[in-house]
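A.B. asks: For reference, the structure I am asking about is given below.
The values are calculated or read from the model by the stated rules, or taken from the named source; none is laboratory data. What you see is a predicted model; the values in this text were computed from it and never measured. All Cβ positions, even for glycine, are placed from backbone atoms using ideal geometry, and neighbour counts span all protein chains on display. SASA here: full protein model, heavy atoms, side chains in, ligands and nucleic acids out. Shrake-Rupley method; radii C 1.70, N 1.55, O 1.52, S 1.80 Å.
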Amino acid sequence: MEVTRGSRGDVTGLTTHEAAATGADAAPHGPARVLVVDDGEINRRLLGRLLEQDGHIAVLATDGEEALAMLRRGEDPVDVVLLDILMPGIDGQEVLRQIKGDDALRHLPVIMISSLEDITTVIQCIEGGAADYLQKPFNRAVLRARLNATLADKRLRDREMEYLDRVRALTDAAVALESGDFQSTELEEIAQREDPLGHLARVLVDVAEEVKRRERRLQEQVRALTIQIDRDEQQSRVAEITSTDYFRELREQAHDLRSSLSKGAP
Amino acid sequence: MTHPATFDETTITQLLVDTGDDVEFVRELVDTFIADAPALLEELRAPAGADLEAQRRAAHSLASNASTLGALELSRLARAVEHQARDGVAPSAAALDVVAAALTSAVASIEALDVWK
């Protein structure tokens, strides 16, 4: 596997011609990591260079096995795959089938590389989940347009997935709030957002804090009431004992005893 | 009757434009083509009963590389061999001689370009 890095981030070091070739519209969706899978050295290197010229990072694989192994390792994930159809070993169509059959990879956009004569296979690949196709010999403007369109879709989908993750976190938080297990720290990140989800997260955190405050206040009131009840109960027991005949007799006897003692005193 | 062009000089010029006037890089691509083509041609000359799928891939690579560098006639001839192999027909020695001649001609045309001077 070979990785070539785009030079768009360092335009000042380029000639005027190179700077023009790496204009701001070359990669409007930002630099992407692009996996180029082609057994042909000339096309592989050329594609790598054209991607690099537009500020992308090209990761080059010489066959389907190497590409699948790299994708499944999941290190430094790529944003899009440029995949040649006719290769020895696992061909492009089979690589596409394996990518689309893998839960961890199936959302990865794949652009097939084909010759004009492969059009039937291209149609089968698009039916099998390929995002687009690119014809050899490469036309730089077409490569750029198709890559950027595919990247735009990918970025949109990434944002939607992130949004759904946040919605899931919020619904989980609502369930946790109901069951009393809510931790406001879990929503800290979402609450920073300036969109409606961020607003909802902040509302949820505020509600949770208000619920906690009310719970604490209620606990304090319950504690105070318990003490009062204990005191009242004590008094009622004393009253109950002192109102008995036996207690009255004892008090009279005590009174008499105190009287006789005070009379007998010198 | 017009004959299809055998070599497109503008292809190499466009490659130079696309790669930021990097003559060294484009020359490396050309050198790779010149170095690899004889081996691909050799694969096409495999004896009868050889792996037609391997022959198809060799013809495909030769056609694809030739097309990338503007060698249109070579690309067309190699593509025809590719289609034959795909259809289960081994290329004839005569057809491969024509491909070999087109390769020699393509290399000469590429080397004669002013961009290397």
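A.B. asks: For the range A:44-175, what % of the accessible area comes from carbon and sulfur atoms, probe 1.4 Å?
C.D. replies: On the range A:44-175, the fraction of accessible area on carbon and sulfur atoms equals 51 percent.
A.B. asks: At a Förster radius of 35 Å, what calculated FRET efficiency corresponds to the Cβ-Cβ distance of residue A:172 and residue A:225, to the nearest 0.05? Could you put the intermediate results ahead of the total?
C.D. replies: On the way: r = 36 Å, r/R0 = 1.02.
Efficiency, from the Cβ-Cβ distance: 0.45.
A.B. asks: Could you state the angle between the C-alpha long axis of helix B:72-86 and the longest principal axis of the C-alpha atoms of chain B, as a value from 0 to 90 degrees rounded to the nearest 10?
C.D. replies: 30 degrees
A.B. asks: Now for a different question. Can you give the angle from 0 to 90° between the axis of helix A:196-242 and the longest principal axis of chain A, with both taken from C-alpha atoms, to the nearest 10?
C.D. replies: Orientation of helix A:196-242: about 20 degrees from the principal axis.
A.B. asks: Taking amide H atoms as placed 1.01 Å from N in the peptide plane, list the residues 5 or more away in sequence, or in a different chain, whose amide H sits under 5 Å from that of residue A:134.
C.D. replies: HN-HN under 5 Å from residue A:134: A:112, A:113, A:114.
A.B. asks: Continuing with the same structure: Provide the net charge surrounding residue B:96, with neighbours chosen by a C-beta distance below 13 Å and charges set as Lys +1, Arg +1, Asp -1, Glu -1.
C.D. replies: Net local charge, residue B:96 excluded: -3.
A.B. asks: Please list 3J(HN,Hα) in residue order for the range A:252-264, calculated via the Karplus relation 6.51 cos²θ - 1.76 cosθ + 1.60 where θ = phi - 60°; whole Hz, with x for glycine and proline.
C.D. replies: Values per residue, Gly and Pro as x: 5, 4, 5, 4, 4, 4, 4, 5, 5, 5, 6, 5, x Hz.
A.B. asks: Need one number: buried accessible surface between chains B and A, 1.4 Å probe, both sides summed, DNA, RNA and ligands left out, in Å² to 100.
C.D. replies: On the way: alone 6600 and 16790 Å², together 21280 Å².
The B and A chains share an interface burying roughly 2100 Å².
A.B. asks: Just checking the output field for A:185-198: average partner chain Cβ neighbours within 10 Å of each residue's Cβ?
C.D. replies: 0
A.B. asks: In nanometres, what is the gap between the two model label sites at residue A:181 and residue B:108, each 7 Å from Cα along Cα-to-Cβ?
C.D. replies: 8.1 nm
A.B. asks: Moving on to the next point. Compute the convex hull volume of the Cα atoms of chain A, divide it by the residue count, and report the result per residue in Å³ as a whole number.
C.D. replies: Residue-normalised Cα hull volume stands at 272 Å³.
A.B. asks: Checking a compactness column here: for the range A:211-265, what do you get for Rg(Cα) / (2.2 N^0.38 Å), N being the number of residues?
C.D. replies: Relative to the rule-of-thumb radius for its length, the range A:211-265 sits at 2.15.
A.B. asks: Another question, then. Using a Förster radius of 25 Å, what is the FRET efficiency between residue A:33 and residue A:126 based on their Cβ-Cβ separation? Nearest 0.05, please.
C.D. replies: 0.60
A.B. asks: Can you find, among B:47, B:105, B:66, the residue farthest towards the positive end of the dipole of the range B:9-116? Put +1 on the C-beta of Lys and Arg, -1 on that of Asp and Glu.
C.D. replies: Projecting each Cα onto the dipole axis, the largest value belongs to B:47.
A.B. asks: Right, something else. Which order do peptides A:61-70, A:180-189 fall in by mean Cβ count within 10 Å, highest first?
C.D. replies: So the peptides A:61-70, A:180-189, ranked by packing, come out A:61-70, A:180-189.
A.B. asks: Whenever you get a sec, compute what percent of the accessible area on the range B:9-116 sits on carbon and sulfur atoms (1.4 Å probe).
C.D. replies: Solvent-exposed carbon and sulfur of the range B:9-116 make up 56 percent of the total.
A.B. asks: Oh, and also: Please give the peptides A:153-159, A:223-229 ranked by average Cβ packing (other Cβ atoms within 10 Å per residue), highest first, as a rough proxy for protection. Show your work: numbers first, answer last.
C.D. replies: On the way: A:153-159: 13.1, A:223-229: 10.0.
Output ranking for A:153-159, A:223-229: A:153-159, A:223-229.
A.B. asks: Something else about it: Along the charge dipole of the range A:139-244, which of A:149, A:192, A:227 sits closest to the positive end, that is, farthest toward it, with unit charges on the beta carbon of Lys, Arg, Asp and Glu (+1, +1, -1, -1)?
C.D. replies: So the residue furthest toward the plus end is A:149.
A.B. asks: Keeping all protein chains in place, calculate the accessible area per residue for the range B:9-116 (probe 1.4 angstrom), answer in Å².
C.D. replies: Solvent-accessible surface per residue comes out at 43 Å².
A.B. asks: Please work out how much length the chain gains when fully extended from residue A:257 to residue A:212, using 0.36 nm per residue of separation minus the C-alpha to C-alpha distance, in nm with one decimal. Spell out each step's value before the answer.
C.D. replies: On the way: separation 45, 0.36 × 45 = 16.20 nm, distance 6.05 nm.
That pair, residue A:257 and residue A:212, stretches by 10.1 nm at full extension.
A.B. asks: Which far-off residues, 5 or more places away or on another chain, put their amide H under 5 Å from the one on residue A:36, with H placed in the peptide plane?
C.D. replies: Here the answer is A:59, A:60, A:61, A:82, since their amide H atoms fall under 5 Å of that of residue A:36.
A.B. asks: With runs of 4+ DSSP H residues as the only contributors, calculate the mean residue ellipticity of the protein assembly as shown at 222 nm using -39,500 (n - 2.57) per run, divided by the residue total and rounded to the nearest 500. It would help to have the intermediate numbers written out before the result.
C.D. replies: On the way: 14 runs with 240 residues, N = 383.
Helices in the protein assembly as shown give a 222 nm mean residue ellipticity of -21000 deg cm²/dmol.
A.B. asks: Separate question: Helix A:64-73 sits at what angle to the longest principal axis of chain A, using alpha carbons and giving 0 to 90 degrees rounded to 10?
C.D. replies: 20 degrees
A.B. asks: Sorted from largest down, give the three principal axis spans of the alpha carbons of the range B:9-116, whole angstrom values.
C.D. replies: If we take the Cα atoms of the range B:9-116, the spans are 46, 20, 19 Å.
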